[in-house]
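Here's the structure, in structure tokens; my notes come after.
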Amino acid sequence: MIQSIERAMMIIHVLAKNPKRFFSVQDIYNETDLPSSTIYRLLYTLENFDLVERNEEKKEFRLGYTWLQLGMKMYHHTNIREKAHPLLEELAINVRETAYLNIPKLNNSIIIDRVDSPKNVRIIDMIGEKIPYPIGAANKVLLAFSEKEMQAGFLKNISDLEKIELMEQLNVIKDKGYSISYGEKTKGTVSVAAPVFDLNKEPIAAISAECFEYDTDTEKLESIAKEVTRAAHLLSQELGHM
């Protein structure tokens with residue numbers, strides 16, 4: 001057995017006990033008894049491959065989303081994707097547009113599933129694509145329902161004028177329960193998204209439908225919003241959200 005790989009996996013198993021939590025080197029040392037210098041060296045190597053993420057202020061680490069991206073290439077997919085897929089299929093048929101499932105990753109979201117529109121002409125965004133906040137309805141709805149801390153972390157990186165405009169949008173989205181964006185990612189398209197919540201009432205995904213702007217009016221958008229919100233609500237219920 002290769003010692004460095006064995007030690008790296010010992011660290012990964014510690015971080016995997018609570019994927020959302022940041023661990024200090026001392027925490028990892030307490031669990032593994034590995035030398036601190038070895039822990040630091042392995043963590044920085046893992047970080048280079050996005051296998052761990054670092055909290056710069058506290059010098060703490062947690063699992064990176066590369067594990068999810070690697071997992072998406074395998075036959076068996078994540079539990080949320082398995083539960084969501086039938087709902088995406090139904091949504092795509094009901095609205096006759098392409099349906100998507102996105103999950104948040106820091107200041108981005110990742111498309112982890114898609115069901116294509118039954119139409120001959122359709123919009124296709126690739127599974128595995130990473131989309132930066134706040135571009136698109138899915139990202140805006142995830143941001144709108146995120147905790148204030150997370151919002152503040154993102155907002156500090158944009159100008160005051162952008163901040164005011166974005167916060168106005170997020171407040172409207174939160175009141176409505178869904179988001180609509182026009183041509184933010186792909187020119188000439190409209191996207192409608194609603195949040196998916198877990199047992200802890202946290203937004204862990206967004207379900208969306210995307211259509212061409214030329215083929216869309218207010219009545220159609222209202223109908224799509226109703227179906228998208230319904231699908232997101234049903235998935236939330238399946239994940240334990242009451």
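The values are calculated or read from the model by the stated rules, or taken from the named source; none is laboratory data. Predicted model, so just to flag it, every value in this text is computed and none were measured. As a convention, Cβ positions derive from the backbone with ideal geometry for all residues, glycine included, and neighbour counts pool all protein chains shown. Just so you know, the surface numbers come from the protein's heavy atoms only, side chains and all, with ligands and any DNA or RNA stripped out. Shrake-Rupley method; radii C 1.70, N 1.55, O 1.52, S 1.80 Å.
Looking across the stretch 37-67, the residues that are modelled with pLDDT under 85 and over 17 Å from Pro104 (Cα atoms) come down to Glu56, Glu57, Lys58, Lys59. When the stretch 162-190 is limited to residues that are of a type in the set (Gly, Ala, Ser) and surrounded by 15 or more Cβ atoms within 10 Å (Cβ to Cβ), the one that is farthest from Glu202 (Cα to Cα) turns out to be Ser181. Of everything in the stretch 68-107, what is modelled with pLDDT of 80 or more, more than 20 Å from Leu239 (Cα to Cα), open to solvent by 60 Å² or more (accessible area, probe 1.4 Å) and assigned to a helix (DSSP H, G or I)? Give them in sequence order. Once the filter is applied, which keeps residues that are modelled with pLDDT of 80 or more, more than 20 Å from Leu239 (Cα to Cα), open to solvent by 60 Å² or more (accessible area, probe 1.4 Å) and assigned to a helix (DSSP H, G or I), the stretch 68-107 yields Ile93, Asn94.
Residues checked against (1) more than 20 Å from Lys130 (Cα to Cα); (2) not hydroxyl-bearing (Ser, Thr, Tyr):
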| site | (1), (2) |
| --- | --- |
| Ile158 | no, yes |
| Glu168 | yes, yes |
| Tyr182 | no, no |
| Lys187 | no, yes |
| Asp198 | yes, yes |
| Ala209 | no, yes |
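Return yes or no: is Glu210 farther than 14 Å from Gly177 by Cβ, open to solvent by 30 Å² or more (accessible area, probe 1.4 Å) and either part of a helix (DSSP H, G or I) or not aromatic (Phe, Trp, Tyr) (or both)? Here the answer is no, as Glu210 does not meet what is asked.
Within the stretch 183-196, residues that are on the phi > 0 side of the Ramachandran plot have Cβ atoms under 8 Å from residues that are modelled with pLDDT under 95 and open to solvent by 30 Å² or more (accessible area, probe 1.4 Å) in these pairs: Gly183/Glu213; Gly188/Phe212; Gly188/Glu213; Gly188/Tyr214, counting only partners at least 6 apart in sequence or on another chain. Can you report the number of residues in the stretch 8-64 which are part of a strand (DSSP E or B) and in contact (Cβ under 8 Å) with a residue 24 or more places away in the chain? Counting residues in the stretch 8-64 that are part of a strand (DSSP E or B) and in contact (Cβ under 8 Å) with a residue 24 or more places away in the chain gives 8.
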